Amino acid sequence: MSAGWKLLKRGDLGAFLDSLAAGAELWVPRRKGTRWDFDQYEKGTDTTFPTSIIEVSAKALFFPRRRPIARFNPKAKWSVEPVEPASEPRIVMGMHPCDVAGVRYMDRVFLANDHPDRLYEAERNRTTIIGMRCSEMKPTCHCTDRNLSPDETEGMDVVFAEAEDGLLFRALTEKDERLLGSPLLAATDAKPEAKEWPKGRHLVPGPDELMDLYDDDFWLEASDICLTCGACTFACPTCTCYLVADEKFGDEGERVTAWDSCQFLSYSRETSGHNPRRSNAARLRNRTLDKFAYSFHKHGMSSCTGCGRCVLICPIQRSFPQLGTKLKERVEEKKSKARVS
Amino acid sequence: MTELQQKARELLDKGEIDALLAWKVDPGIGDVRPTLFKKDDDAAEIVFDERCVHNLANYLPTLTARYNRVGVVLKGCDGRSLTTLLIEHRISKNSIVALAPACEGVNVNGARAQKCDDCPTATSPVADYEFGARLARGDAEFKQLERIEKMSPEERWQFFAEQFAKCRRCYACRQVCPLCYCELCIADQPEPRWIEPSRKLSANAMWHLVRAYHLAGRCSDCGECTRACPEGIPIRLLNIAVEKLVREQFGVRPGTKPDELPPLVTLAKDDSDEVMAEHL
């Protein structure tokens, strides 16, 4: 594994992307309306890589919003055919560390169990991630409080960063050295600028401290203004809940997975009609604890990557990380009360 | 302190209300956010300006179930939603105290909200306390519809199909809407499955059209559906197209008169037959 950086001159970016696109399906950031999203690269188009958060997470590239898993003929019996997973090589370029951390978390959810999700696995196997170091932290960014940093490279196959006269690339896995074999890239002694990143914007209590607050009044108060829409869950790079539905149209039927959200009233409704999470408070608690406690217990890492997408998307400008800060205050309050008594 | 802040403090101090729903600046995000003020909170922090876009009437059914009496600060559009909520018996007037400052319009993404062009009431029609002079408002011209009305049916479908295709089905439009309050939403009903849950054009279009129909003659045009949409779908265009028709047929702007039943739940002898006649 090479540790050296290679320089791509700014003017050569288009030619380099064209060369990548010649060998694989290439996905890059694209501005759509007021936000950045990922889109398939078209030869010869100008491409810009945002230096910080891309508002729409790359989650949907690995775990689509609507994903057919089997096809059937609704009029015939026993006609279910599983969907063949995609296998063409693919490159996703420009994902930032918080987004890549989301994929690492999804790996634990979908793959590290007795029944790996074979469609997700196929998407992972066919994809090379060319990640990008961030050159700035937006006001809503707080990855440094979630065991990450704008320089984190774990989960990436290749990393690149902004430099004065172009982009600096470095391969992180053996198999992807070849991507950087292009003559457009020249070995260099230059290194991306090292920066001190702000910390402590949105600290949260530890998983066990949080579980102690399970029956606290906090949740009721905090849920006062929550709309319980699913905007935050759909924007989140680690929210992976889905439902399964059979969709029929004439002779064609598809069994699909579709994103679901624990914030929906229908999510936890049981067949009997009973719903253990009827109140907004119960649903808010579920999501908060899932991000900061259950995820530790189940998958060994927090499912909050500190990207702040939930803050950017919330129709009432509520923010989950801020809830964390308030929870921390509540934990301290409890501790000091315990000391007094 | 403004008159509004003073009245809010007085009501909270005297215990006439148990909580007050208003706006406050959150330093963490540098923006205003709906906030529930209690007796110990500082009413001087209440903000009322062009940043106060959220429709607070939406929270009243839940909050009035928890508190005896809830105060609420309402813009003109929020007040129209409240009127309809009262008419439809979602809340009782006794459980709320309405504080109604004159609204000069709000901003969405740094520009004046489009809904403000069509606003029929700058001050809430339901008001226990009013602040500032009632601003006169002309009748809506629904100018934003012109672009759609000029299109051929094919172009129109093309336009809306493109918009609907973007929908993620996060239901922010439903949750943010004070009048979308069904206990079991048609979109959530598992059997029969009227609207398929996954993100595809046919199901997305079905969702948006059904929602528009369910709001016919009720929508107060608070514009929250459009503002809340993470995909920027101009949902409101559907609603005002329906409201324009309702106004033409029944002469009603929903929520503007506290004693007027929504036209589609009543039958009056002088109702126009025009709509029905077209289809007979």
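Each reported figure results from applying straightforward, stated rules to the coordinates on display, with no laboratory input. For clarity, every value in this text was computed on a predicted model and none was experimentally measured. Reconstructed Cβ throughout: ideal geometry from the backbone, glycine too, with neighbour counts over all protein chains shown.
Show log10 I(q)/I(0) for segment A:26-134 at q = 0.12, 0.21 Å⁻¹, two decimals, from a solvent-free Debye sum over equal Cα scatterers.
-0.50, -1.16
Largest first and in whole Å, give the semi-axes of chain A's equivalent ellipsoid, each being the square root of 5 times a Cα gyration tensor eigenvalue.
36, 30, 16
Which value in nm describes the separation of the simple spin-label points at A:Arg35 and B:Asp40, placed 7 Å from the Cα toward the beta carbon?
3.8
So for the pair B:Asp49, B:His214, with labels modelled 7 Å out along Cα→Cβ, what separation do we get in nm?
The two pseudo-label positions are separated by 3.7 nm.
Kindly flag which residue pairs out of A:Lys59/A:Lys326; A:Lys6/A:Lys32; B:Lys115/B:Lys244; A:Lys337/B:Lys14; B:Lys93/B:Lys244 have an alpha-carbon separation exceeding 21 Å in this structure.
A:Lys59/A:Lys326; A:Lys6/A:Lys32; A:Lys337/B:Lys14; B:Lys93/B:Lys244
Do any cysteines of chain B lack a neighbour Cys whose Cβ is under 4.7 Å away, and which are they?
Cysteines lacking a close Cβ partner in chain B: B:Cys52, B:Cys103, B:Cys116, B:Cys119, B:Cys167, B:Cys170, B:Cys182, B:Cys185, B:Cys219, B:Cys229.
Stick to Cα atoms and the Kirkwood definition of Rh, then tell me Rg/Rh for segment A:197-250.
1.13
Would you mind telling me which residue in A:Ser268, A:Ser303, A:Ser57 has the biggest mean-square fluctuation in a Gaussian network model of chain A, where springs connect alpha carbons within a distance under 10 angstrom?
Between A:Ser268, A:Ser303, A:Ser57, it is A:Ser268 that shows the largest mean-square fluctuation.
Based solely on its DSSP helices, what 222 nm [θ] is calculated for chain B when runs of n ≥ 4 H residues each add -39,500 (n - 2.57) and the sum is averaged over all residues, nearest 500 deg cm²/dmol?
That comes out to -9000 deg cm²/dmol.
Could you please state, rounded to a whole Å, how far the C-alpha centre of segment B:111-129 is from the C-alpha centre of segment B:67-88?
If we compute the Cα centre of each part, the gap is 13 Å.
Can you work out the FRET efficiency for the pair A:Asp212 and B:Asp128, with r the C-beta to C-beta distance and R0 = 45 Å, to the nearest 0.05?
E(calc), rounded to 0.05, equals 0.60.
Taking only Cα atoms, what is the 0 to 90° angle, nearest 10, from helix B:76-87's long axis to the longest principal axis of chain B?
Helix B:76-87 sits roughly 80 degrees off the main axis of chain B.
I'd like the FRET efficiency for B:Arg156 and B:Leu264, computed as 1/(1 + (r/R0)^6) with the beta carbon distance as r and R0 of 22 Å, rounded to 0.05.
The computed FRET efficiency comes out at 0.40.
Can you put B:Lys166, A:Lys43 in order of Cβ neighbours within 10 angstrom, beginning with the fewest?
A:Lys43, B:Lys166
Could you compute the net charge surrounding B:Ala172? Neighbours are other residues with a C-beta less than 11 Å from the C-beta of B:Ala172; K and R count +1, D and E count -1.
Taking every other residue near B:Ala172 into account, the sum is +2.
Using the number of other C-beta atoms within 10 angstrom as an exposure proxy, rank A:Asp224, B:Asp78 with the fewest first.
A:Asp224, B:Asp78
With angles folded into 0 to 90 degrees, how steeply does helix B:3-13 sit against the dominant principal axis of chain B? Use alpha carbons for both and round to 10.
70
Run through the DSSP bridge list for chain B and note the antiparallel percent, rounded to the nearest 5.
Once the DSSP bridges in chain B are tallied, antiparallel ones form about 50 percent.
Among B:Asp259, A:Asp217, A:Asp212, what is the fewest-to-most ranking by other Cβ atoms within 10 Å?
Ranking B:Asp259, A:Asp217, A:Asp212 by Cβ neighbours within 10 Å, fewest first, gives B:Asp259, A:Asp217, A:Asp212.
To the nearest 10 degrees, how steeply does helix B:236-250 sit against the main Cα axis of chain B, on a 0 to 90 scale?
The answer is roughly 80 degrees.
Whole-Hz Karplus ³J(HN,Hα) for segment A:261-270, in order, using 6.51 cos²θ - 1.76 cosθ + 1.60 and θ = phi - 60°, x for Gly and Pro?
9, 5, 7, 7, 4, 6, 4, 9, 6, 8
Compute the Rg/Rh shape ratio of the protein assembly as shown: radius of gyration over Kirkwood radius, all on alpha-carbon atoms.
With Rg and the Kirkwood Rh in hand, the quotient comes to 0.99.
Starting from the 7 Å offset along Cα-to-Cβ, what nm value, one decimal, do you get for the label separation of A:Arg178 and B:Arg137?
Spacing of the two 7 Å Cα→Cβ label points: 6.5 nm.
Rule-of-thumb check for chain B: C-alpha Rg over 2.2 N^0.38 Å?
Expressed relative to 2.2 N^0.38 Å, the Cα Rg reads 1.04.
Between A:Arg30, A:Arg283, A:Arg66, which gets the highest mean-square fluctuation from a Gaussian network model of chain A, Cα cutoff 10 Å?
Residue with maximal mean-square fluctuation among A:Arg30, A:Arg283, A:Arg66: A:Arg66.
Taking R0 as 56 Å, what FRET efficiency do you get between B:Ala102 and A:Asp251 from their Cβ-Cβ distance, rounded to the nearest 0.05?
Between B:Ala102 and A:Asp251 the formula returns 0.40.
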